[in-house]
Structures are given as structure tokens and as C-alpha cells.
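Note sheet for the following structure.
The values are calculated or read from the model by the stated rules, or taken from the named source; none is laboratory data. Note that the structure is predicted; figures quoted are calculated from it, not measured. Cβ: placed from backbone, ideal geometry, glycine included. Neighbour counts: every protein chain shown. Note: areas computed on protein heavy atoms with side chains; ligands, DNA, RNA excluded. Shrake-Rupley method; radii C 1.70, N 1.55, O 1.52, S 1.80 Å.
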Amino acid sequence: KFTTHLWYQTADHGIAALAYGPNTVTAKVGKKEQEVTIKEITDYPFNETIKFEIALKKDVEFSLQLRIPQWCENAVILLNGQPYSQEKGGQIVTVKREWHNKDVLTLQLPMKISTGTWGRNSSAVERGPLVYALKIQERWEKATDTIEGDYFSVYPESSWNYGLRRVDVRHAADSMKVSMQRPVGDSFVWNLQHVPIEITAPAKKIPSWKVLNGVAYQPPTDREGIYKGKVDTVVQHITLVPYGFTKVRVVAFPVVP
């Protein structure tokens, strides 16, 4: 479903990229419906750069529309390596021109680390279009149901009871660091062993935050949204990964002093 919604035809015989991912599309564009092939090269949403390589048998004029996400403050468009325009987020930008074979259009979507307020005054770390979760070592246990067959239960094998400091929540871009781990290749798998990007964040342990009856209930906070219970004085650095790579998750962190 995602793949089939990457590209759309426009009313003026052009083509629009409304979602991004590595792919190749062939379409008919322009008033004479000339065939064009566009190869989209990107590691988005982990990487900020999306490159469109144009393949044509003959020059043709058509519009290429690009969606600039709302979270992006200032996108940059390059044409054949040269600055073309800068665009604000929350709009669809049209690049209409006579295209030539081997033209390359590059879209850069700068991603900043930020935090959002979630349920019960918790805080989640975000970057670009992705939400990040704590990287927890997993223990998988296989069992069999008489009706459904084999299944797995996944349990945490490393510490998870952390809170984010208020100062880091307010200034996430200054205190948290992004690191690229590995490229997204043909052997890419959605698991912790293939995580392409990580965020390192300062945090403090909350000793009393434990599993009760199989559930890790969120610690209560005061009216300002701050957890006032006992918190370790030692600041540790935790690793966050995109939500989709985790099976056991802590996403909404309590905020501590």
C-alpha cells in the first residue's frame, strides 16, 4: 500500500511525489504523454536527502511536485547540484521546467531533534517524521498454542526505567546527538541488529519504576509535569532508535528534575 502511494499524477500532466522512499517509477508526462523514468535514491526517513534521477529519450516539459512535510522548517531544492529554491514546510512545491535526460533534482529536508508532550505529562523524542524509543535488549521465548500454533513472547533484558531531564527536554537539539550506524542496503531488516540511526540522550534512572502485574505503569507527576520521587543523581546516556525497530518499547518518558 505504501509503495503504490508514493507517486501521483497531476492535473497538468505532471507527476507528484507525496511520500518518499527508494523506488523507480515510469510514467507518461507532458502534453504528448512522453515516457519518463525517475529513480528515487534515498535512505529517508533516516536520512535528510532525497535524490531524483531523470531518464528521458527526448526533452519534455512537465511539472514535478514535491511534498514538504510540516515538521521541516526550511527545505532546500538543488537542480543538477546547483541551488534552485528554499521552501517552508507544510506545502507542495512545483518544479515545472523542460527536463533533460540525466537531470538530477535533490530535495534536502533538514531534521532536528525535538521533544513532544504525550500522555500524563510524558515526553517523547522525535526527529523529522520519526518517533524514537529506548533501545532495550530483548529476550525471545518461543511457545505453542494448541489452536494458533507457535508464537513468541518478548521480554526486556536491559534497564528501561529512565526519565528525561527537564533541561534536555527543553533543549533536545543541544543535549542529544544523532549518529548514523549503517546504510540501508538490500539486506535491510527491521530489527535492532539493522538499526541505521541512533540518538544518544542524557537520562536518569527512576529506581521505584518497576513492572507491576506485567505492566510498567507510568510514574505520577506534579502539575508542572515533573516526577518528584527518588531519582538517581548519576546522569547516564541512553540510546534511542526509531520506534519501528523495537518490540519492547519505552517511548513516552517521565520528565525528571
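Just to be sure I understand: with springs between alpha-carbon atoms less than 10 Å apart, which residue in R67, R182, R223 has the highest mean-square fluctuation in the Gaussian network model of the chain?
The residue with the greatest mean-square fluctuation here is R223.
Here are several values of Rg/Rh (Cα atoms, Kirkwood Rh): [x] 0.98; [y] 1.01; [z] 1.07. Which one was derived from the coordinates shown?
This structure yields the entry labelled [z].
As I understand it, the dipole of the chain uses +1 on the Cβ of Lys and Arg and -1 on the Cβ of Asp and Glu, about the Cα centre. Which of A201, S179, A27 lies farthest toward its positive end?
A201
Which of the chymotrypsin sites (Phe, Trp or Tyr not before Pro) found in the range 49-136 are in a DSSP loop and have at most 14 neighbouring Cβ atoms, other than their own, within 10 Å?
Working: sites: F52, F62, W71, Y84, W99, W118, Y132; in loops: W71, W118.
Counting only loop positions with at most 14 other Cβ atoms within 10 Å, the chymotrypsin sites (Phe, Trp or Tyr not before Pro) in the range 49-136 are W118.
With r as the distance between the Cβ atoms of Y84 and S175 and R0 = 45 Å, compute the FRET efficiency 1/(1 + (r/R0)^6) and round to 0.05. All intermediate terms of the calculation are to be shown ahead of the outcome.
Numbers: r = 34 Å, r/R0 = 0.76.
Calculated value: 0.85.
Could you work out how much longer the chain between Q70 and K230 gets when fully extended? Use 0.36 nm per residue separation minus the Cα distance between them, nm to one decimal.
Details: separation 160, 0.36 × 160 = 57.60 nm, distance 3.85 nm.
Contour length minus the Cα-Cα distance gives 53.7 nm.
So which of K1/K142; K28/K58; K177/K205; K112/K205; K31/K57 end up more than 22 Å apart by C-alpha? Don't skip to the answer; put the middle values down first.
Values: K1/K142 31 Å; K28/K58 12 Å; K177/K205 19 Å; K112/K205 26 Å; K31/K57 16 Å.
In this structure, K1/K142; K112/K205 lie more than 22 Å apart at Cα.
Once the piece of chain linking W118 and E148 is laid out straight, how much longer is it, given 0.36 nm per residue of separation minus the C-alpha distance between them? Spell out each step's value before the answer.
Details: separation 30, 0.36 × 30 = 10.80 nm, distance 3.51 nm.
7.3 nm is the gain from fully extending W118 to E148.
What ranking, highest mean first, results for peptides 243-249, 198-204, 122-128 when packing means the other Cβ atoms within 10 Å averaged over each residue?
Values: 243-249: 16.0, 198-204: 19.6, 122-128: 21.9.
Going by the mean number of other Cβ atoms within 10 Å, highest first, we get 122-128, 198-204, 243-249.
Using only Cα atoms, locate the centre of the range 108-129 and the centre of the range 179-257, then give the distance between them in Å, rounded to an integer.
13 Å
Using the Cα gyration tensor of the range 138-257, with a ≥ b ≥ c the square roots of its eigenvalues, what is the shape: rounded (a/c below 1.5), prolate (a/b larger than b/c) or oblate (neither)? Numbers along the way, then the final one.
Details: a/c = 2.80, a/b = 1.29, b/c = 2.17.
The shape class here is oblate.
For E53, what accessible surface area do you get with a 1.4 Å probe? Give it in Å², rounded to 10.
Rounded to the nearest 10, that gives 70 Å².
Can you compute 3J(HN,Hα) from phi for each residue in the range 11-25, using the Karplus curve 6.51 cos²θ - 1.76 cosθ + 1.60 with θ = phi - 60°, rounded to whole Hz and x for Gly and Pro?
5, 9, 6, x, 9, 10, 9, 9, 9, 10, x, x, 6, 10, 10
Is any residue of the range 203-236 close enough, with backbone N under 15 Å, to a label point placed 7 angstrom from the Cα of Q137 along the Cα-Cβ axis, and if so, which?
No residue qualifies, since no backbone N sits under 15 Å from the label point.
At 0.36 nm per residue, minus the direct Cα-Cα distance, what do L192 and K31 gain on full extension? Give it in nm, one decimal, please.
Values: separation 161, 0.36 × 161 = 57.96 nm, distance 4.80 nm.
Value of the extension gain: 53.2 nm.
Can you tell me the dipole magnitude for the chain around its Cα centre, using point charges on the Cβ only (Lys, Arg +1; Asp, Glu -1), in Debye to the nearest 20?
On the way: 32 positive and 27 negative charges, 125 e Å.
It works out to roughly 600 debye.
About the Cα centre of the range 147-257, how large is the charge dipole given +1 on each Lys and Arg Cβ and -1 on each Asp and Glu Cβ? Please answer in debye to the nearest 20.
Details: 13 positive and 10 negative charges, 109 e Å.
Around 520 debye, computed over the range 147-257.
Given H placed on each backbone N at 1.01 Å, which residues far from V131 in sequence or on other chains put an amide H within less than 5 Å of it?
Close amide H contacts, sequence-distant or interchain: Y243.
Leaving ligands, DNA and RNA out of it, rank K31, K102 by accessible area with a 1.4 Å probe, largest first.
Working: K31 195, K102 160 Å².
So, going from the largest accessible area down, we get K31, K102.
Please name which of Y227, A75, V169 has its Cα lying farthest along the dipole of the chain towards the positive end, using unit charges on Cβ (Lys, Arg +1; Asp, Glu -1) and the Cα centre as origin.
Toward the positive end, the furthest listed residue is Y227.
Per residue, how large is the accessible surface of the range 1-141? Use a 1.4 angstrom probe and give square angstrom. Show your work: numbers first, answer last.
On the way: 7600 Å² over 141 residues.
Accessible area per residue: 54 Å².
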